[in-house]
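> Okay, here's the structure, questions in a sec.
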Amino acid sequence: MSAVVLGLGNVLMLDDGVGAAAVVELGRRYRLPEEVTLLDGGVLGLHLVGLLADADSVLVLDAVRAGGAPGTPARLEGAAVHARYAARISPHEVGFTEVLATAAVHARTPRRLVVHGVEPERVGPGVGLSAPVAAALDRLVDAAAAELRAWGLQVRPRDDPEPAGPYPDGVLGLTAARSGA
Amino acid sequence: MRITVDPVTRIEGHLRIEAQVKEGRVSDAWSVSPMFRGIENILVGRDPRDAWLFAQRICGVCTTVNALASVRAVENALGIVVPDNARLLRNLMEATQYAHDHVVHFYHLHGPDWFDLTSALKADPAGTAALQARLSPWPQNSVEYFTSVRDRLKALVDGGQLGPFANAYWGHPAYALAPESNLLLMAHYLQALDWQRDAVRIHAVLGGKNPHPQTYLVGGMSTPLDPTSEQAVNLTTLADLRAVAGRMRAFVDQVYVPDLLHLAEAYPAWASIGRGSRNLMAYGDFPGADGKPLMPGGILRDGRLTGVEAVDQSRITEDVTRSWYAPAAPTHPSSGVTSPRYTGPTPPYDRLDTDGRYSWSKAPRYRDAVMEVGPLARMAVAHARGVPRARQLLDHALTTLHWPAPALFSTLGRMVTRALETQWLVEQLPGWLDELGANISAGNLTIADDSRWLPESWPARATGVGTTEAPRGALGHWIEIADGKISRYQIVIPSTWNGSPRDARGHRGAWEEALVGTPVRDPARPVEILRVVHAFDPCMACAVHVIDAHGGLVTELTVVP
């Protein structure tokens, strides 16, 4: 089985960056088996179709507007994902509806599709997560790990995770880019 | 009458077109960018060496070119010349992104404005196979193959799984291709997905990570080159990438370009629809070993394909007369400020006051003139500068299509030049890979100049400009560094040039101008407007509003074409 954990959203749009942050955090805190690919999809739109084409299962991490208090977790599965993205619950207009639809035309719809999200507080130009969303990040990451485990994947917490560093350095790849110099 | 088409593009972002239709033609148009993007303000106060990591996030699809423009701006400010290997790695990554982007644009984004899925279901697969054989020797061609594609499409339609095609304008009288041609293009639509998954490997291998590359660096690249390491780019890696490049080229030569010429022949009227402002500008890009760009920069004016002027970037100004910013005289991007002052209606709204300020986009101008940027500008400038391969490709296409040269200033002209520059660029990949291989073999593994890495080596104040030719057109980043930090940053993206609102003189932006005169057969289904706007490859999704002469709203519909 091959699984992709896909973070969606724009790091430059405040809470919209929570999906990307969660993907990076998942990799930092957990040891994942080889069949899992972490993908920071940003706001890549249709170009994502090719990156998801081989995935049997896709776990999306995203800011999800469902009308709850900021930081409220949400889980969607299967057809509900299609329905909710079509209704543009995701504030960044990533075009994920079109990604899913294009995948369907190519007969590449993943067998399993689950979204774990967090209700955003603020979405707009800027870098940083609001307090309720930042507080919900831990739970989102753990929920993602639990989801992968439920799929039968070996996901174990790392004994000695790298230090997190300030947001958004890890998400942007800033820490890695600096050490490469 | 007003019609809402939302969104026009199938990718991230926002864009709104208001088009006034009179007697079956667009009489006037307004391009509205309804979302404020304050990237410049995000960068102020940060370390200039980190700017590219932020910059590559401003647009979902233009990651590489924004990263590159950003590191070039800092290098320009600090007087850094990157080593030859960095030049080659950058060219390879950028050209790969071009090819990827242009193919996805044609088949997956723009194509459905021209080819009709429902018509493809009526095709005779034998006729499609014969057509394919006539167009090119592409091997994926048999009656059985096209029958299977037709059956698969039929199953999608019957199963109600039309996906991105669900709300397209099928059956619209503006669709002109024969069923056999539609089946061919739909088959290639499907093949393009596998093609792009292959092509993207070059970007992934050299960029370290996809889709957001991690190997740019102020001073060069961080892609490790080492003939003795499995973890680095070595001669085996280059051989793999050469094979990918060969497959990329085969598809572009035998599928993309012939498909586009075939489509162009079926839509002759579209070689005169969407003329636009007819001033073209390219910054130039893809530096050679001598520093000279493969694609030269230049400006062509008033629909002429000769008399190219050099670009003096200091003559660029941004006008905010009709934009939602604090009033200011037109300023060069290096001294520009981003002071939002929204005066439009509270969203969501039906109607904007297009007589006043109506866009978040500024209006960039070159010596007060509107400029169109993108493939048409690049190919026309290269042609005017006498670049042999560009002349050959463009002249051959004009002859094949029986087009006079002015036909290039059109919707089809933009599409054809996009395909031709893809062909030109994928032809360069093997040569750049060979140069990289020769450097590695000769022991030249230098990928960065780190002599100006430490802020202690920088002047107290420095300014710089970095440009690239993004797939969508000329892209510029302007930076000011003071005491080791970014004190000012301005970006002018290609869609700001092409999608700008009017300026102080009342001159329309490039695609506002291109829309004027566009025929609209059925204002409730304005596929013609989509064709004109999509041909510019806007980087934003867009909503189109069609207004009648009295400004009244008759219909509102939502379409994801």
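The values are calculated or read from the model by the stated rules, or taken from the named source; none is laboratory data. All of these numbers come straight from a predicted model, not from anything done at the bench. For neighbour counting, all protein chains shown are included, and Cβ atoms are generated from backbone atoms with ideal geometry for every residue, glycine included.
> Just give me the residues in the stretch A:144-179 being within 14 Å of chain B (Cβ to nearest Cβ) and either modelled with pLDDT of 85 or more or in a loop (DSSP other than H, G, I, E, B) (or both), in sequence order.
Scanning the stretch A:144-179 gives A:G165, A:P166, A:Y167, A:P168, A:D169, A:G170, A:V171, A:L172, A:G173.
> Which count do you get for residues in the stretch B:55-81 that are facing chain A (nearest Cβ under 10 Å) and touching a strand residue (DSSP E or B) at 6+ places or on another chain (Cβ under 9 Å)?
The number of residues fulfilling the criteria is 7.
> Moving on. Restricted to the stretch B:1-22, and to residues that are crowded, with 16+ Cβ neighbours inside 10 Å and modelled with pLDDT of 70 or more, which residue is nearest to the other protein chains (Cβ to nearest Cβ)?
Of everything passing the filter in the stretch B:1-22, B:L15 is nearest to the other protein chains (Cβ to nearest Cβ).
> Within the stretch A:11-59, how many residues turn out to be away from every other protein chain (no Cβ under 14 Å) and free of Cβ contacts under 8 Å to residues at least 60 places away in the same chain?
Final tally of qualifying residues: 3.
> Just need a number here: residues in the stretch B:23-63 that are modelled with pLDDT of 90 or more, within 18 Å of B:V337 (Cβ to Cβ) and of a type outside the set (A, V, I, L, M, F, W, C).
Residues flagged as modelled with pLDDT of 90 or more, within 18 Å of B:V337 (Cβ to Cβ) and of a type outside the set (A, V, I, L, M, F, W, C) within the stretch B:23-63 amount to 2.
> Additional query: How about the stretch B:505-524: which of its residues are among the hydrophobic types (A, V, I, L, M, F, W, C) and modelled with pLDDT of 95 or more?
Of everything in the stretch B:505-524, those that are among the hydrophobic types (A, V, I, L, M, F, W, C) and modelled with pLDDT of 95 or more turn out to be B:A510, B:A514, B:L515, B:V516.
> Provide a single number: the residues in the stretch B:172-230 that are facing another protein chain (nearest Cβ under 10 Å), of a type in the set (S, T, Y) and assigned to a helix (DSSP H, G or I).
1
> Looking at the stretch B:59-81, I want the residues that are without any contact (Cβ under 8 Å) to a residue 12 or more places away in the chain and have a partner that is of a type outside the set (A, V, I, L, M, F, W, C) with Cβ atoms under 9 Å, at least 6 apart or on another chain. Which pairs are those?
As it stands, the answer is none, since no pair meets every condition given.
Residues checked against (1) surrounded by fewer than 22 Cβ atoms within 10 Å (Cβ to Cβ); (2) more than 29 Å from the chain's Cα centre (by Cα):
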position	(1), (2)
B:P327	yes, yes
B:V337	yes, no
B:P340	yes, no
B:G344	yes, no
B:M371	no, no
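> Do any strands (runs of 3 or more DSSP E) entirely within the stretch B:260-378 hold 3 or more residues that are in contact with a Leu (Cβ under 8 Å, 6 or more places away or on another chain), and if so, which?
Correct list: B:285-287.
> Here is a further query. In the stretch B:277-291, which residue that is in contact with a Gly (Cβ under 9 Å, 6 or more places away or on another chain) and not acidic (D, E) is farthest from B:A369 (Cα to Cα)?
Once the filter is applied, the top-ranked residue is B:G284.
> Additional query: Read through the list (1) within 14 Å of another protein chain (Cβ to nearest Cβ); (2) part of a helix (DSSP H, G or I), then give the number of the only condition that B:A126 fails.
(1)
> Say whether the condition of being modelled with pLDDT under 95 and more than 13 Å from chain A (Cβ to nearest Cβ) is met by at least one residue in the stretch B:159-169.
Yes: one or more hits.
> A:A135 - would you say it is at pLDDT below 95 and more than 27 Å from A:E98 (Cβ to Cβ)?
For A:A135, the condition - at pLDDT below 95 and more than 27 Å from A:E98 (Cβ to Cβ) - is not met.
> Restricting attention to the stretch B:478-494, does a residue exist that is assigned to a loop (DSSP other than H, G, I, E, B) and either free of Cβ contacts under 8 Å to residues at least 12 places away in the same chain or over 19 Å from B:G284 (Cα atoms) (or both)?
Yes - at least one qualifying residue is present in the stretch B:478-494.
> Tally the residues that are in a helix (DSSP H, G or I) and either among the aliphatic types (A, V, I, L, M) or without any contact (Cβ under 8 Å) to a residue 24 or more places away in the chain (or both), restricting the search to the stretch B:130-151.
Within the stretch B:130-151, residues that are in a helix (DSSP H, G or I) and either among the aliphatic types (A, V, I, L, M) or without any contact (Cβ under 8 Å) to a residue 24 or more places away in the chain (or both) number 11.
> For the stretch B:90-98, state whether one or more residues are within 12 Å of chain A (Cβ to nearest Cβ) and either over 13 Å from B:L184 (Cβ atoms) or not charged (D, E, K, R) (or both).
Yes, the stretch B:90-98 has at least one match.
> Still on this structure: Taking the stretch B:440-484 as the region of interest, how many residues are acidic (D, E) and under 29 Å from the mean Cα position of the chain (by Cα)?
So the count comes out to 2.
> Just to be sure I understand the filter: pairs with C-beta atoms under 6 Å, separated by 6 or more residues or on different chains, first member in the stretch A:98-112 and facing chain B (nearest Cβ under 8 Å), second member of a type in the set (G, A, S). Which pairs pass?
Pairs that qualify, where the first residue is facing chain B (nearest Cβ under 8 Å) and the partner is of a type in the set (G, A, S), are A:A101/B:G163; A:A104/B:G163; A:V105/B:G163; A:R108/A:A53.
> Can you report the number of residues in the stretch A:115-142 which are crowded, with 23+ Cβ neighbours inside 10 Å, under 19 Å from A:L76 (Cα atoms) and not small (G, A, S)?
Result for the stretch A:115-142: 6.
> Could you please find all residues in the stretch B:249-283 being closer than 19 Å to B:Q97 by Cβ and in contact with an Asp or Glu (Cβ under 7 Å, 6 or more places away or on another chain)?
If the condition is that a residue be closer than 19 Å to B:Q97 by Cβ and in contact with an Asp or Glu (Cβ under 7 Å, 6 or more places away or on another chain), then B:R249, B:A282, B:Y283 are the ones that fit.
> What pairs come up if the first residue lies in the stretch B:354-367 and is free of Cβ contacts under 8 Å to residues at least 60 places away in the same chain, the second is part of a strand (DSSP E or B) and of a type in the set (K, R), and their beta carbons are under 6 Å apart, counting only those six or more places apart or on different chains?
Matching pairs, first to second residue: none at all.
> With B:P213, B:P224 as the choices, which residue is within 24 Å of B:V71 (Cα to Cα) and more than 29 Å from the chain's Cα centre (by Cα)?
Checking each option against the conditions leaves just B:P224.
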